[in-house]
Amino acid sequence: MARADAIWKRLRKSRDNPAWEDSSERGETRRWSGDTIEGEIADVELPRRRDYEQEIEAEFEEYKHPGDERGPEGHHHNDDGDYAEEVDVNEWAREQRRKFAGQTSNYLLSFGFPGSGKTTFQSFLVYYLTHIGPFDAHPRINPLGNAQGWDPMVTFNEWIRLWHQGKFPPANPVDERDIRELAFDIQPLQGKRQPPLELSLVEVSGEFMARVIAERDHDPDLVDAVADLFGDDQINLTLVFIIDPDHGDENDVLFQNLVTFLDVHFPGARERMSLAIMISKPEASLQLLQSRYSEYSNHTELRGDLCEDYVRLMAPRTHRILDSWPSLQRVQLMTLHLGELGSQDGEPRVHRIDYTDIEAIFGWLYSQFTGSGLGPSVWQQFLEWLRR
């Protein structure tokens, strides 16, 4: 397959071939909860479509019948040609995408509408892991062996610079070339028996995720980079549904359509996945709840048991999805509180960052991916007891 890899690499070099469209970057009834922040809001453009099928087809035909690889009898060698005859061009392309997409075997995918807070959540998680929490965590970069090159490192640098200033990162661009996979090596430092975690985050615009909703003018679909995750039974996937109060009842529509899409095209996929429900924008979410149900008018914060009530009342179908997930040991209800919010120079800022909630969120994610819990070792607990 060396020749196939070479063909795909030539196609995937976006700087040399800007017309190429990148598709590979492509138990308990009571659940933990806290507060969230306002999600990112982005001015988006319509996705730009490119016709790349002819280019793939031409390369594929060359791959099947290379003119410079004939044997002594004038026949083509069969090592790669036999394989090419067994698959069509779309299957071949999907296989090549999977080779370049996989950085780790553990994936976190946040699913929600544009502006719901997906990038804010994932970038804050990265900032906590690499700069704040008790971990030796750093990006995994393989520029020569991955079509994304140094782009994930560029994204990582941008996120860190913004969080150093207490700024929110912008949402992911609406372009399939900007579907990114950011991979990290994470080693806990608090206990010797806590295994390391290799974790990949998928950054994709909410515009693409909304395409999973069936409409009169189109059938539901997902971009290849996301669909391949659901179809790969060799990875561990945690899915985070982000409920955005700005989209009201449409949250239920989005998540129900995704679940139906998975059950139709990827039967059994949900048995392999963990699911978290995250409430976005706590102030607006609480106001929406109070506007519909006067009995909650005396509450000042969306916390604790109120979060369960919010999902049950404001997104009842999503709440049913959570309660009927194949394994109740693999579900969680969560919100994210960043700290004291304000503004500076007309831009929203976080003045005093609070890491309590993101610490609890990652603790749950770590247990889902590794089967182990985070926490200090027995010796570290003893030293802490002596300091008291």
Original post:
Does any residue in the stretch 116-145 that is at positive phi come within less than 6 Å, Cβ to Cβ, of a residue that is hydroxyl-bearing (S, T, Y) six or more places away or on a different chain, and which pairs are these?
Top reply: G117/S280
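If you check L275, L302, L239, L258, which single one turns out to be open to solvent by less than 40 Å² (accessible area, probe 1.4 Å), under 24 Å from F121 (Cα atoms), of a type outside the set (S, T, Y) and in a helix (DSSP H, G or I)?
Unique residue meeting the criteria: L258.
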Original post:
For S291, are the conditions met, namely being more than 28 Å from the chain's Cα centre (by Cα), part of a helix (DSSP H, G or I) and of a type in the set (G, A, S)?
Top reply: yes
Original post:
Regarding D244, is this residue within 26 Å of Q329 (Cα to Cα), surrounded by fewer than 18 Cβ atoms within 10 Å (Cβ to Cβ) and of a type in the set (D, E)?
Top reply: no
**OP:** Search the stretch 278-288 for residues being at pLDDT below 90 and not in a helix (DSSP H, G or I), and hand back the single one that is surrounded by the most Cβ atoms within 10 Å (Cβ to Cβ).
**Re:** S280
Subject >> Of residues in the stretch 191-228 being farther than 28 Å from S372 by Cβ and part of a strand (DSSP E or B), the one modelled with the highest pLDDT >> reply: E215
**OP:** Consider H337 carefully, then state whether it is over 30 Å from I132 (Cβ atoms) and open to solvent by 10 Å² or more (accessible area, probe 1.4 Å).
**Re:** no
Subject >> Among (1) basic (K, R); (2) assigned to a helix (DSSP H, G or I); (3) more than 18 Å from the chain's Cα centre (by Cα) - the single one R270 does not satisfy >> reply: (3)
Subject >> the stretch 143-175: number of residues that are assigned to a helix (DSSP H, G or I) and either at pLDDT below 65 or within 16 Å of V350 (Cβ to Cβ) (or both) >> reply: 6
Original post:
So, of the residues in the stretch 332-388 that are among the hydroxyl-bearing types (S, T, Y) and within 28 Å of P282 (Cα to Cα), which turns out to be modelled with the lowest pLDDT?
Top reply: S343
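The values are calculated or read from the model by the stated rules, or taken from the named source; none is laboratory data. The model shown is predicted, which means the values in this text are computed figures rather than measured ones. Reconstructed Cβ throughout: ideal geometry from the backbone, glycine too, with neighbour counts over all protein chains shown. Just so you know, the surface numbers come from the protein's heavy atoms only, side chains and all, with ligands and any DNA or RNA stripped out. Shrake-Rupley method; radii C 1.70, N 1.55, O 1.52, S 1.80 Å.
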